[in-house]
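Shown next, in structure tokens, is the structure this report addresses.
The values are calculated or read from the model by the stated rules, or taken from the named source; none is laboratory data. Keep in mind the model is a prediction, meaning the values are calculated, not measured. Neighbour counts are summed over all protein chains in view; Cβ atoms, including those assigned to glycine, are modelled from backbone coordinates with ideal geometry. These area figures cover heavy atoms from the full protein model, side chains too; ligands, DNA and RNA do not enter into them. Shrake-Rupley method; radii C 1.70, N 1.55, O 1.52, S 1.80 Å.
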Amino acid sequence: MNRRLVLAALGVAGVRLLGMRLPPRAAEESTNNPLHSLLPNFKPASRDALHRLLSDPGFSGQIPQAQVSGLLSTEQKSIDALMLALLPLAKTYARPPISGFKVGAVVRGASGSLYLGANIEIPGQSLGFSVHAEQAALSNAYMHADRGVSAIAVTAAPCGHCRQFMKELSPEGDIQILIESKPAEKLSTLLPLAFGPKDLGFPDGAFPVKEVGLVPLEAGSDELTAAAWDAARKSYAPYTKAHSGVALGTRADRVYTGSYIENAAFNPSLSPLQTALAALIVAGEDYSAVGGAVLVEMERAAISQRSVTEAALRAIAPAVQLQMVTTKIKS
């Protein structure tokens, strides 16, 4: 049975990898489908569709628009109701070894796709390195290069840190916040008199994802370095110009990338490693799967991601040596 589904049934995701494949599916849903207990109010056909999606070895925490349309048709729900109904699934990816408080989030992209995310805490590291569920889901949409975000469902009211992070991805505050049994609210209502990109002279936020013209890598660069370079090229760093990206390679030959996503208030900025770890976890992988890590960042930049990346890697993958590559803007 697929590890993502088993772990979802257990209420945790990506931990103690099982690494076994699902047997061929029968036409009718079996009670062996772990989503049966996790999403009991979904119809069997919807659980089967989600089962197949999560079982795909390339699953990346995205429910593509076509599958979203299918779920809406089968469930006869509104898109907001569907997002709220998927929160138990998103919550299974939470990794809160310090607080023990699990949070799940589901983001709706401008494309119509949905993106899962959950909170992550790094044992032994500063609480400032935690990734909030809202950040994980929003960065998932960013790394899939969606055109923007229109709504986010979350299992608990977003904290101030998350509201500030959302402001960077929805500068006008139009993103809808969905919480079970509460009326939908715009970010502008939950964060009045907000400070954002415009206050620092930037008319736009992080979406749509823009590519930075970096000096190309030398011929023969390995796959992991190329992936980290591409993530740096797609990073959002208008305030420091310190573009950076991380690539994590796993023993199963998957590569997870993370772009730096900066914030006008600085502290809510998401480091490239945090973004990459959010991607790794929502794909159903475990820290122990990490076999290599590359950080690409600007030479002589105003800030560096090296020290925090090395510190976090020591906590979660102590055998992995971070590879550093510096680059610059193409003249």
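Please return the ranges of helices (runs of 4 or more DSSP H) entirely within the stretch 58-149 where 2 or more residues are open to solvent by 20 Å² or more (accessible area, probe 1.4 Å) and of a type in the set (A, V, I, L, M, F, W, C).
Values: elements: 65-75, 79-85, 87-91, 133-143.
Correct list: 65-75, 79-85.
Which residue is most open to solvent (accessible area, probe 1.4 Å), if the candidates are limited to the stretch 229-238 and must be within 23 Å of Ile281 (Cβ to Cβ) and in a loop (DSSP other than H, G, I, E, B)?
Out of the qualifying residues, it is Lys234.
Report the residue count in the stretch 195-228 for those that are open to solvent by 70 Å² or more (accessible area, probe 1.4 Å) and not in a loop (DSSP other than H, G, I, E, B).
Total meeting the criteria: 4.
Looking only at the stretch 30-57, filter to residues that are of a type in the set (Lys, Arg) and open to solvent by 40 Å² or more (accessible area, probe 1.4 Å); which one of those is nearest to Ala153 (Cα to Cα)?
Lys43
How about the stretch 244-270: which of its residues are under 21 Å from Ala206 (Cβ atoms), surrounded by fewer than 24 Cβ atoms within 10 Å (Cβ to Cβ) and without any contact (Cβ under 8 Å) to a residue 60 or more places away in the chain?
Listed by number, the residues that qualify are Phe266, Ser269.
Only one residue in Ala194, Ala219 is farther than 24 Å from Ala137 by Cβ and not charged (D, E, K, R). Which one?
Ala219
Restricting to the stretch 180-194, name every residue that is of a type in the set (A, V, I, L, M) and either surrounded by 10 or more Cβ atoms within 10 Å (Cβ to Cβ) or in contact with a Gly (Cβ under 8 Å, 6 or more places away or on another chain) (or both).
Looking only at the stretch 180-194, we keep the residues that are of a type in the set (A, V, I, L, M), and these are 184, 187, 190-191, 193-194.
Of everything in the stretch 180-194, those that are of a type in the set (A, V, I, L, M) and either surrounded by 10 or more Cβ atoms within 10 Å (Cβ to Cβ) or in contact with a Gly (Cβ under 8 Å, 6 or more places away or on another chain) (or both) turn out to be Ala184, Leu187, Leu190, Leu191, Ala194.
Among the residues that make up the stretch 302-320, is at least one of them farther than 16 Å from Ile122 by Cβ and open to solvent by less than 40 Å² (accessible area, probe 1.4 Å)?
So far as the stretch 302-320 goes, no, none of its residues is farther than 16 Å from Ile122 by Cβ and open to solvent by less than 40 Å² (accessible area, probe 1.4 Å).
The rows are residues; the columns are (1) out of contact with any strand residue (DSSP E or B) (no Cβ under 7 Å at 6 or more places or on another chain); (2) under 19 Å from Val294 (Cα atoms).
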residue: Pro197; (1), (2): yes, no
residue: Leu217; (1), (2): yes, yes
residue: Gly220; (1), (2): yes, yes
residue: Arg251; (1), (2): no, yes
residue: Arg254; (1), (2): yes, yes
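Of the residues that make up the stretch 156-165, is at least one touching a helix residue (DSSP H, G or I) at 6+ places or on another chain (Cβ under 6 Å), more than 25 Å from Gly284 (Cα to Cα), open to solvent by 10 Å² or more (accessible area, probe 1.4 Å) and not in a helix (DSSP H, G or I)?
no
Consider only pairs whose beta carbons are under 6 Å apart and that are at least six residues apart or on different chains; among these, list those whose first residue lies in the stretch 99-127 and is in contact (Cβ under 8 Å) with a residue 24 or more places away in the chain and whose second residue is of a type in the set (Phe, Trp, Tyr) and open to solvent by 10 Å² or more (accessible area, probe 1.4 Å).
Ile122/Phe129
Do the conditions hold for Leu295, that is, is it at negative phi and open to solvent by less than 10 Å² (accessible area, probe 1.4 Å)?
In short, yes.
Name the one entry in Lys241, Lys328 that is closer than 22 Å to Glu168 by Cα, open to solvent by 20 Å² or more (accessible area, probe 1.4 Å) and among the charged types (D, E, K, R).
Lys241
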